[in-house]
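See structure below.
The values are calculated or read from the model by the stated rules, or taken from the named source; none is laboratory data. Since the structure is predicted, the reported quantities are computational estimates derived from the model, not experimental observations. Methodologically, a virtual Cβ is constructed for each residue, glycine included, from the backbone with ideal geometry; neighbour enumeration extends over all protein chains shown.
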Amino acid sequence: MSGRRFRVGIVGLQPGRSWGPRAHIPALRALPESFEIVGVANTSRASAEEAAAATGLPRAFADVAELIAAPEVDIVTVTVKVPPHLEIVKAAITAGKHVYCEWPLGNGLAEAEEMAALAEAKGVLGVVGTQARVAPEIEHLRQLIADGFIGEVLSTTLVAWGGALQGGGTIPEKKTYGYLLDRANGATMLTIPVGHTLAALRDVLGEVAEVSAVLATRRTTALVADTGETLPVSAPDQVLVSAVLTSGAPLSIHYRGGAARDGDGLLWEINGTEGDIRVSGPSGHTQMVPLSLEGAQGREKAFRPLEVPASYRSGWPEDVEPGNVARVYARMARDLREGTRLAPSFEDAVAVHRVIAAIERAAESGRRTAPWS
């Protein structure tokens, strides 16, 4: 596969609303030497034709099956809501296509494991969109920790805001956000922003060994701004995790539903024997927002900015969302050409799903739980 471009068919584009047009299309177009977009499939040909026209794509497929069967498609990108992931990904893998699937990979651990096992059995590459892992700030943070900026990691604490609910327990509109309120759909504050952040945290600090947790749904209804409806909420809007990393360092996480009043929606502090680092941002959706780093060492009494080297950003889209997605696609292209394992894989996704499943079991049982138990 060396030297040629990979042809991508995208499942799920809703211009003006969905993640695909906002992030995937500009990301792929930023990598013209590696990718070309063949076309789009939505729930109907008419919807696909509208999306293709709005985004300048050459082809609208009649349905997902036609896209998957098309010989000109090498990679199927799945950007639909979580519940259909399993069906679409399995069909693509069975057809011998490589897959880029948005996170969460599956609606729960069992689905993620099934997809990862099938990709392995069929010998295709499965990549998952945990793009916070490749954000410039996270990559630089990982290097700082590895280089011993703070010495041995003693503990880490993360407090953040996230999820579908906005101020006063509202959602902007029903079609896009309504399904996020139902825990059964597998797209909650725990699985999405916490999951993305856990994927990055594991890269920086290592694996989670044991967890205790509390999951609470404090807002049991949500007002839909565009329809005036009141919808029930079963997804947790409070996620509290007390954990231990395999290194022995304690980990504390508290995600709160909604947005921060002052725009400071993320504070992640890592404490070490020789210093401390703080990561901050406007929300706990670390995969979608600009982050900043500051640190202090030794006897320093104040934190100072830790600038990310320009080399981490040069050549990539400036906007955070397409920039991070483009970095994942670039790793995917290299994996396909060179046989490396640089892009977040389905196996990586399973590992994060296991931590989330352990959090859910710990919250239900009230007992400390290991992700691999």
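Suppose we filter GLU294, GLU300 for residues that are touching a Pro at 6+ places or on another chain (Cβ under 9 Å), outside the structural domain of PHE35 (by TED's automatic domain parsing) and among the acidic types (Asp, Glu); which single one remains? Full working, then the answer.
Values: GLU300 fails: touching a Pro at 6+ places or on another chain (Cβ under 9 Å).
GLU294 is the lone residue from the list that is touching a Pro at 6+ places or on another chain (Cβ under 9 Å), outside the structural domain of PHE35 (by TED's automatic domain parsing) and among the acidic types (Asp, Glu).
When segment 118-132 is filtered for residues that are assigned to a helix (DSSP H, G or I) and either at positive phi or more than 15 Å from the chain's Cα centre (by Cα) (or both), the ones remaining, listed by number, are LEU118, ALA119, GLU120, ALA121, LYS122. Restricting the first member to segment 186-202 and to residues that are among the polar types (S, T, N, Q), and the second to residues that are assigned to a helix (DSSP H, G or I), the beta-carbon pairs closer than 9 Å and six or more apart or on different chains are THR188/LEU180; THR188/LEU181; THR188/VAL194; THR191/HIS353; THR191/ILE356; THR197/ALA132.
All conditions but one from (1) touching a Gly at 6+ places or on another chain (Cβ under 6 Å); (2) of a type in the set (Val, Ile, Thr); (3) under 18 Å from VAL8 (Cβ atoms) apply to VAL78; the one that does not is (1). When the helices (runs of 4 or more DSSP H) confined to segment 133-246 are screened for residues that are small (Gly, Ala, Ser), those reaching at least 2 such residues are found at 195-205. So is LEU165 at pLDDT 95 or above and not basic (Lys, Arg) or not? No.
Say we look at segment 234-285 and pick out the residues that are at pLDDT below 95 and closer than 25 Å to ALA296 by Cβ; which of these is surrounded by the most Cβ atoms within 10 Å (Cβ to Cβ)? Taking the candidates together, the pick is ALA260.
Could you tell me which of the residues THR79, THR94 is hydroxyl-bearing (Ser, Thr, Tyr), under 19 Å from ARG327 (Cα atoms) and in contact with a Leu (Cβ under 8 Å, 6 or more places away or on another chain)? Step through it out loud before you land on a result.
Details: THR94 fails: under 19 Å from ARG327 (Cα atoms).
Going through THR79, THR94 in turn, just one is hydroxyl-bearing (Ser, Thr, Tyr), under 19 Å from ARG327 (Cα atoms) and in contact with a Leu (Cβ under 8 Å, 6 or more places away or on another chain): THR79.
Selection within segment 17-36: residues that are touching a residue at least 40 places away in the same chain (Cβ under 8 Å) and of a type in the set (D, E, K, R). The member of this set that is nearest to ALA330 (Cα to Cα) is ARG22. Can you name every residue in segment 343-354 that is surrounded by fewer than 24 Cβ atoms within 10 Å (Cβ to Cβ) and either assigned to a helix (DSSP H, G or I) or among the β-branched types (Val, Ile, Thr) (or both)? Within segment 343-354, GLU347, ASP348, VAL350, ALA351, ARG354 qualify.
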